[in-house]
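Nothing in this text is a laboratory measurement; each read-out follows from the coordinates by a stated rule. Not measured: the values here are computed from a predicted model. Here Cβ is always computed from backbone atoms with ideal geometry, including for glycine, and neighbour counts include all displayed protein chains.
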Amino acid sequence: MSDTALIDVEGLSIAFSGEDNSAAIPAAEDVSFSIAPGKTLGLVGESGCGKSVTALSLMRLLPPNGRITGGRIRFDGRETLSLPEAGAAGMEGLRGRHMAMIFQDPGSALNPVATVGDQIAEVFEIHYHLARDVARQSAVKMLDRVGIPDPELRARSYPHQLSGGMKQRAMIAMALACRPSLLIADEPTTALDVTVQSQILDLVVELQNEMDMAVLFISHNLAVVAQVADEVAVMYAGRIVERAPARDLFAMPRHPYTQALIATLPRLGHPQQRFPAIPGTVPDARVRGKGCGFAERCPLADATCHESEPALTADAEDRAVACFKPLETSALS
Amino acid sequence: MSTTPLLEARGLTKEFPLGGGLLAKSKSLVRAVSDVSFRLEAGTTLALVGESGCGKTTLARMAALLTPASGGSVLYRGEEVTGGSRSALKSFRRHMGLVFQDPYASLNPRMTAARTIAEPMLIHGAGNRLERRYRVQSLLEHVGLGPRDGERYPHTFSGGQRQRIALARALALEPELVIADEPLSALDVSIQSQMLNLMRDLQDEMGLAFLFISHDLAVVESFAHHVAVLYLGRIVESADTTTLFRTPAHPYTRALMKAVPRIGEGRRHGGATAAPGEPPSPVAPPPGCAFHPRCPKAQALCRDQRPQLENIGDGGNDDAHICACHFPETGSVRP
């Protein structure tokens, strides 16, 4: 896997220092995955599962109280965790040019006091040292490419003059201006209406095909991830609990949490009297004991599950699951 | 038409002044909700669905008398409560509970859960101290919280638990009606299901009616008895849930359904967009049918003339299927 991968994450652990002198709180533990060029990994989980901090650590943009406590990240042959911050050969040179990120809320990711065109032009100026007017023209082309009508006019608009969907398109234009080889999309459609969400998903897939980008697509919504992912990793309480090709994961989940997550998803055309729920709540990272993080909520858990933590173990079919009692794939389907 | 509905909206309209602050003379008005009527029967759920800016929240707030209507009226058990007598208003408030979208903003951070739940009883002078305490305990238990959770403050609860406290507060006066504005959208899916099951159990047990505001069609299909689809401040289609989801007639309703992502369809390849463009702004509503710029079936007539809501169902009055479209779709979307 790792020789063809564009990005390879191995045993990544992230912790946040608490208030006062309390012990560091783990936010992600032993996270491993890799993405090949042109492929999409969907990273799914509920709030607090560690998916966003994992994404931020790829960009090395963790907040000041967050720290990478272990593991390695190799991007395009470089060990990014040991790169210097500054300079074209450092993280600054990678970010925006070779790896880019889009966020849930384009309203807060765009600069409110600069026109959309200027913000995109700035990317060209910084990374390609283009002259201002050339950069402006490239920005207009980029806005046109992401489906913004009347791009000349829109380049002169401020973010607040654009609708939510248009802002998300503008942010995609900015992120993809340098044709990065990796796009990290963190809940990019969560704030959008469902008809607009559908358009943005189409746009991401289309641009990915055109640029042969690797995409890390993060969402809490399994159905959204199913629209774009080749492979899916499910996170729970800071760990990847299952990883599989998208089709197999949805057809035959092996981790009880994955199965429960799929079952809770209300599906159009399947009205139900009871809504399948997962009992209990996600364990608090500050007081987590030993054992599997899902054991408290798992219908299959026994003494072993409460005692020790199952490791993510790969099987023959490109699948991996961290569970002592994985569901039989043959029994389902 | 046989019975008087629990809650009825007649021609509700809301206009907001556009631009202009305190000092500037406002120049024009923007219509957030136009001429909306609906009926909610006791013990049932009516869902108002639509995308952002469609007016569903404004409509819910008018129905709850939190925002005064610019036109139209709200009737509770056949009696007008908009601009009605004080006693009618007070009785209405007593019989109605409210749950809002953001459980982080809707609870007073300085009140314990127990005090929050007891607040409506204090305001309406319901029960004595002992009775109130007993009621709070029973409500906590009802919404799945422990008896000692009453002493805790909101910041110590998760989002899902806060929403349960908000629901317990809404139920404090044993209402017949709960107006819930996107009560699930801040919650994770596993917690959403718990909340929905709880709401359904309470409906079965207490005969509650819900006016349920949501953008999630899949949830609505399971949870609601009737559905009204809103687009740019107007109802464009309404029917009982089974009819609406089996034979949606308005192209917008169909586009909404088509846009819902599903698992099991595999990776998308682009190009299958349900409706191009975005919902228009109520500041500059398109002429004719508001949906025509995005509608695959739009014709000249749609640009010139706004279609009226008409009954297109074959059933009697009780199961009216109404739709505002010059060229409604026919036929079932699935077998």
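Key figures
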quantity: Entries in B:14/B:56; A:51/B:56; A:290/A:325; B:258/B:297 that, when Cα-Cα distance is taken, lie over 22 Å; calculated: A:51/B:56
quantity: Estimated inter-spin distance, residue A:17 and residue B:299, nm [label 7 Å along Cα→Cβ]; calculated: 7.1 nm
quantity: Dipole moment magnitude, nearest 20 debye, the protein assembly as shown about Cα centre, only Lys, Arg, Asp, Glu C-beta charged; calculated: 1520 debye
quantity: Within the protein assembly as shown, helix-based [θ] at 222 nm, where runs of 4 or more DSSP H residues each add -39,500 (n - 2.57), nearest 500; calculated: -8500 deg cm²/dmol
quantity: Simple spin-label estimate for residue A:67 and residue A:133 in nanometres, 7 Å along Cα-Cβ; calculated: 5.3 nm
quantity: Distance in nm between pseudo-label sites at residue A:10 and residue A:153 (7 Å out along the Cβ direction from Cα); calculated: 5.4 nm
quantity: Whole-percent pair-distance distribution, where bins are 10 Å wide, for the alpha carbons of the protein assembly as shown; calculated: 3, 14, 23, 25, 21, 12, 3, 0
quantity: Radius 13 Å from Cβ of residue A:106, net charge of other residues (Lys, Arg +1; Asp, Glu -1); calculated: -1
quantity: Over the stretch A:1-157, relative contact order from alpha-carbon pairs under 8 Å, at least 6 apart, %; calculated: 18 percent
quantity: Rg [Å, one decimal], Dmax [Å, integer] - the stretch B:1-144, C-alpha atoms; calculated: 18.2, 55
quantity: Length-normalised contact order of the stretch B:32-183 in % [C-alpha pairs under 8 Å, at least 6 apart]; calculated: 29 percent
quantity: Estimated FRET transfer efficiency (residue A:286, residue A:126; beta-carbon r; R0 35 Å; 0.05); calculated: 0.30
quantity: Cα centroid separation - the stretch A:143-219 against the stretch B:238-268, whole Å; calculated: 25 Å
quantity: Square roots of 5 times each gyration tensor eigenvalue, C-alpha, chain B, largest first, Å; calculated: 35, 24, 20
quantity: Average partner coverage of A:273-282, which counts Cβ from other chains inside 10 Å; calculated: 6
quantity: Bridge type composition, chain B - antiparallel percent by DSSP, nearest 5; calculated: 60 percent
quantity: Relative contact order of chain A, pairs being alpha-carbon contacts under 8 Å that are 6 or more residues apart, as %; calculated: 19 percent
quantity: Calculated FRET value between residue B:91 and residue B:29, using beta carbons and R₀ = 25 Å, to 0.05; calculated: 0.20
quantity: Among B:261, B:276, B:154, residue whose mean-square fluctuation peaks in a GNM of chain B (springs only between Cα atoms under 10 Å); calculated: B:261
quantity: Qualifying lysines (Cα of each under 17 Å from Cα of residue A:167; at least 8 residues distant if same chain); calculated: A:141
quantity: For residues of A:244-255, the mean tally of beta carbons on other chains within 10 Å; calculated: 1
quantity: Protection-proxy order for peptides A:40-49, A:158-167, each taking the mean of Cβ atoms within 10 Å per residue, highest first; calculated: A:40-49, A:158-167
quantity: Test item: A:218-227 mean partner chain Cβ contacts at 10 Å; calculated: 4
quantity: Rounded to 5, percent antiparallel among DSSP beta bridges of the protein assembly as shown; calculated: 60 percent
quantity: Theoretical gain in end-to-end length, residue B:126 to residue B:330 [0.36 nm per residue, Cα-Cα removed]; calculated: 68.2 nm
